1. Subtracting the Cα-Cα distance from 0.36 nm times the residue separation, let me have the gained length for residue 225 to residue 428 in nm, one decimal.
2. What do you get when you divide the Cα radius of gyration of the stretch 1-134 by 2.2 N^0.38 Å, with N the number of residues?
3. Ignoring ligands, DNA and RNA, what accessible area per residue does the chain give at 1.4 Å, in Å²?
4. Treating the Cα atoms of the stretch 102-219 as identical point scatterers in vacuum, please give the log10 of the normalised Debye intensity I(q)/I(0) at q = 0.12, 0.16, 0.19 Å⁻¹, two decimals.
5. Report, in deg cm²/dmol and to the nearest 500, the calculated mean residue ellipticity at 222 nm for the chain, where each DSSP H run with n ≥ 4 adds -39500 (n - 2.57) and the sum is divided by the residue count.
6. Average the reciprocal distances over every distinct pair of alpha-carbons in the stretch 199-238, invert the result, and give the Kirkwood radius in Å.
7. For the stretch 293-443, treating each Cα as an identical point scatterer without solvent, what Debye log10 I(q)/I(0) comes out at q = 0.12, 0.16 1/Å?
8. So what is the relative contact order of the chain, in percent, for Cα pairs below 8 Å that sit 6 or more residues apart?
Amino acid sequence: MRYIPHTDDDKQAMLQALGYTSIDPLFDDIPEAARLGRLLNLPPALSELELQKHMAQLAAENQNVQQLTSFLGAGFYDRFIPAAIGQLAERGEFLTAYTPYQPELSQGTLAAIFEFQTMIAGLCGMYAAQASMYDGASAVGEAALLALAQTGREYLVVSRYVHADSLAVVRTYAHARGAKVMVVDSLDALEKTLATYPVAGVIWQYPDILGHFRSLPDAISLAHQYGALAIVSSDPVALALLKPPGEWGADVVVGEGQPLGNHLNYGGPTFGFFTVTEKLVRRMPGRLVGQTVDHHGNRGFVLTLQAREQHIRREKATSNICSNHSLNALQATIYMALLGPHGLKQVAELSMHKAHYLAQQLESIGILRTNPDEPFLYEFVVKVPGPVSALNQHLLTKGILGGFDLGQWDPAFEGLWQIAVTEKRTQQELDGLVEEVKRWMSR
């Protein structure tokens, strides 16, 4: 902000009302490692023009993914975004539309959301999708709440191999509800847990953080055997190749939608998607757009099933989520419409073929996959001889954004390097990564 309206007297008055003498206690809930922790060290007595130039120079020291060759995945991927997406998203029907609560003024937005819902539901093999969530992790958290409400049980089981941010959100949501979260690392552990506790929902990743996907049908079957809901968090591009979770019998399918036509943008904003079976439609959080006709018989769109969220008493609401990331969902809709089913499948196939080539090349220099017998698509995990952080730092000096260090999530994953390959990567870039890894190993 260029102009902060609060005077020192205003700030003191607000602090006094809160019972504080300084602003510092307001930041106690923020972990120390996440705080700035230092002065900005700005040169004194700069004019506005000089300050703008100085800040622009500081910002230029950041590197974005477009300047690097990225092999980073774990839910967010450096995929090709056609230029047409940005242009179409700026059309007046979308850009200037009024809030969807006024359907007569927002048919463009409502029509786009309806198409989004239709495409996402089809991709997941589910009955219905809602208008989008804030992100993939919050979608998993909301799915956990849905399971607790639907079953009346108070235990949730989460696979150890879901994304860590999703697990963290589930833990936070469950804590607020007084529910218990248990983490399992195998189908055997899942069955034992289900047989011991009244579990509301089983949360599985498809593909998981190791790139594996074969355990999903058994996980869904076990969940249903013990009366729990089967919740699946999926990468939408992978669903162009894999059997949709809905066809395996999943009750709720959610995920992170960033790979569908949305830039990484230094971490956001992105959007989450949320789909359910027919019997759970009225349990869905957020907005749902329905198709109708006006009094002239013309096709139209409205928000439907609105006896939820802020429309009813808070204690009876499905969720406190009452909004969505419409622009991000619109971009995903345009992306899916431009590519079509065959185009999306081609994106996934190109990524898969390139990932398998890279895995073979890494194997030739002694960098092996942790589970060589497990099939994978375009994301896989290898064991490296040394700190993953040191390898990634070496690669960064060469303009390469290395894979994810799974040890950051779980100490048991120390030394495991998760690599993602998208359709953007060339053979030269793949070979270049292998060469730099080889150079780092011989240091």
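1. On the way: separation 203, 0.36 × 203 = 73.08 nm, distance 4.92 nm.
Here the answer is 68.2 nm.
2. Working: Rg = 23.1 Å, N = 134, 2.2 N^0.38 = 14.1 Å.
For the stretch 1-134, the normalised Cα radius of gyration comes out at 1.63.
3. Numbers: 22460 Å² over 443 residues.
Value returned for the chain: 51 Å² of accessible area per residue.
4. One equal scatterer on each Cα of the stretch 102-219 leads to -0.51, -0.83, -1.07.
5. Details: 13 runs with 168 residues, N = 443.
One gets -12000 deg cm²/dmol as the mean residue ellipticity at 222 nm.
6. Numbers: mean 1/r = 0.0965 Å⁻¹.
Kirkwood radius, the stretch 199-238: 10.4 Å.
7. For the requested q values the scattering log ratios are -0.71, -0.93.
8. Working: 764 pairs, mean separation 85.6, N = 443.
Reported as a whole number, the value is 19 percent.
The values are calculated or read from the model by the stated rules, or taken from the named source; none is laboratory data. Keep in mind that what you see is a predicted model, and the values were worked out from it rather than measured. When we count neighbours, we look across all protein chains shown, and the Cβ atoms used for this are built from the backbone with ideal geometry, even at glycine. Quick note on the areas: whole protein, heavy atoms, side chains included, nothing else; ligands and nucleic acids left out. Shrake-Rupley method; radii C 1.70, N 1.55, O 1.52, S 1.80 Å.
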